[in-house]
Amino acid sequence: MRKGFLRRIPLLTGVAMLALAVSFSADAQQVTSLIRQDFSDCNNSTVNADNPSLIGGDISVLRQSNGSTTARVGITASADTTYDLFHKCVGQIGSITTGDEGVGIAVFTFQTSPGILTFDMYPNGAPAGNKFQSVPINVQ
């Protein structure tokens, strides 16, 4: 049974992100991928989604005119693990805990300025191979 579920994980993550994005305005929402990559600079200049096998989740971002940003995160990662999500080189936003199949979903609200927005995410202790970096997005 687990093997069949694992084949459906990308579909399940996509369905979860679609469900989370329903309340976002289509023209204001931006979506970026979380890439399994151990390191990058503050602008994630070495992060891209060219290799689909490295995509571990998505972040849908909506920035309001008052400077608050809502990020809806869906990941498929290690099972029963808590990942800390960071606004890259700024500070921790919150934590996401995956279930026994490795799927985690969370929503966060935080303050941002217009410009390039990047994230990184990893469990406590930051073990190599279990870190994620976002593809950069430009929020206005």
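The rows are residues; the columns are (1) free of Cβ contacts under 8 Å to residues at least 12 places away in the same chain; (2) touching a strand residue (DSSP E or B) at 6+ places or on another chain (Cβ under 6 Å); (3) in a strand (DSSP E or B).
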position: R72; (1), (2), (3): no, yes, yes
position: I93; (1), (2), (3): no, yes, yes
position: D100; (1), (2), (3): no, no, no
position: A106; (1), (2), (3): no, yes, yes
position: F110; (1), (2), (3): no, yes, yes
position: D120; (1), (2), (3): no, yes, yes
position: A126; (1), (2), (3): yes, no, no
Within region 41-70, of all residues that are acidic (D, E) and in a loop (DSSP other than H, G, I, E, B), the one nearest to F132 (Cα to Cα) is D41
Within region 47-82, the residues that are buried (at least 18 other Cβ atoms within 10 Å of the Cβ) and touching a Gly at 6+ places or on another chain (Cβ under 7 Å) are G57, D58, V73, G74, I75, T76, A77
Among residues of region 19-68 being hydroxyl-bearing (S, T, Y) and at pLDDT 95 or above, the residue nearest to V107 (Cα to Cα) is S60
Considering region 31-40, residues that are under 17 Å from N130 (Cα atoms) and not aromatic (F, W, Y), and then whichever is surrounded by the most Cβ atoms within 10 Å (Cβ to Cβ), we arrive at L34
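The values are calculated or read from the model by the stated rules, or taken from the named source; none is laboratory data. Not measured: the values here are computed from a predicted model. Note that each Cβ is placed from the backbone with ideal geometry, even for glycine, and that neighbours are counted across all protein chains shown.
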